[in-house]
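Step one of this worksheet: look at the structure below.
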Amino acid sequence: MLKAFADLSTPLVADACVRGGVPLRVAPVGIGAVVSGHRIAGRALPVRHYGSVDVFLEVLSRAGQGDVLVVDNGGRVDEACVGDLAVLEAEAAGVAALVVWGLHRDTPELVEIGLPVFSYGGYPPGPVRLDEREPEAQATARFGPHLVSDDDVVFGDADGVLFVAAECVEEVLATALRIRRTEREQARRIRAGETLRRQTAFDDYLARRAADPSYTFRRHLRRIGGAVEE
């Protein structure tokens, strides 16, 4: 999956979701990589955290090679829920990355380990609570407004993290590649002196919009085969 994502980005995948009518499920703003430049793509392995690492140890027993551990800590910013030992254990289980709706700790150790971790950031204290576990603890994970299961694929890079239903991934990636080719060609032409306004027949768009106020730029781009907004 990471190989298929190699020439793409989360913005391209997001645009492809919009273009294909696939639900756009993006992690909340602020979720980012501990180590700049890390990119991730893999099947989601969801787990909910309740204050103890034991739930991680349980779910890792069914991890597949290349899975992305998606940790639901409710977006809490008063405790870190993963550290170096949890990350090392995940790596030993074949997990390719962790995405945490919450905070991490042991940042220098995580940098040394090198396994991609995405979270809201570092925070020294671990949990001092132990909440009652829900039945869905290892079946689904909440991540912002989204519910993630092992039927989802996780993509992440410098712009953030998003989730796509596995059944839609092939279509979404194919569309993202087409958008990328169009945008790269548009960028090449801008550098060569052909403005984006000229490439997108912007004067024609303005004339059509004047005659028909419902005529949007997105509709115009689709009519001429451009790609700027999605």
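The values are calculated or read from the model by the stated rules, or taken from the named source; none is laboratory data. Since the model is a prediction, treat every value here as computed from it, not as a measurement. A quick note on method: Cβ atoms are made from the backbone with ideal geometry, for glycine too, and the neighbour counts reach across all protein chains shown.
Below, the figures for the structure above:
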quantity	calculated
Qualifying residue in the stretch 75-86 (condition: β-branched (Val, Ile, Thr), closer than 25 Å to Ala165 by Cα and surrounded by 16 or more Cβ atoms within 10 Å (Cβ to Cβ))	no
Some residue of the stretch 170-178 being without any contact (Cβ under 8 Å) to a residue 40 or more places away in the chain, more than 30 Å from Ala80 (Cα to Cα) and among the β-branched types (Val, Ile, Thr)	no
Residues (part of a loop (DSSP other than H, G, I, E, B) and crowded, with 22+ Cβ neighbours inside 10 Å) located in the stretch 39-61	His49
Only one of Leu110, Leu103, Leu147, Leu115 that is free of Cβ contacts under 8 Å to residues at least 12 places away in the same chain and within 19 Å of Phe56 (Cα to Cα)	Leu147
Number of positions in the stretch 87-97 that are assigned to a helix (DSSP H, G or I), of a type outside the set (Val, Ile, Thr) and within 18 Å of Val161 (Cβ to Cβ)	1
Lone qualifier among Glu167, Glu194 - being without any contact (Cβ under 8 Å) to a residue 60 or more places away in the chain and either in contact with a Cys (Cβ under 6 Å, 6 or more places away or on another chain) or within 20 Å of Ile224 (Cβ to Cβ) (or both)	Glu194
The stretch 1-31 - residue that is touching a Phe, Trp or Tyr at 6+ places or on another chain (Cβ under 7 Å) and surrounded by 19 or more Cβ atoms within 10 Å (Cβ to Cβ) and, of those, nearest to Glu109 (Cα to Cα)	Ile31
Residue that is within 30 Å of Gly225 (Cβ to Cβ) and in the same structural domain as Ala165 (by TED's automatic domain parsing), where the choices are Cys17, Cys81	Cys17
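One line per residue, one yes/no per condition, for (1) within 14 Å of Val35 (Cβ to Cβ); (2) of a type outside the set (Gly, Ala, Ser); (3) at pLDDT below 95:
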site: Val95; (1), (2), (3): no, yes, no
site: Leu103; (1), (2), (3): no, yes, no
site: Val111; (1), (2), (3): yes, yes, no
site: Gly114; (1), (2), (3): yes, no, no
site: Phe118; (1), (2), (3): yes, yes, no
site: Asp131; (1), (2), (3): no, yes, no
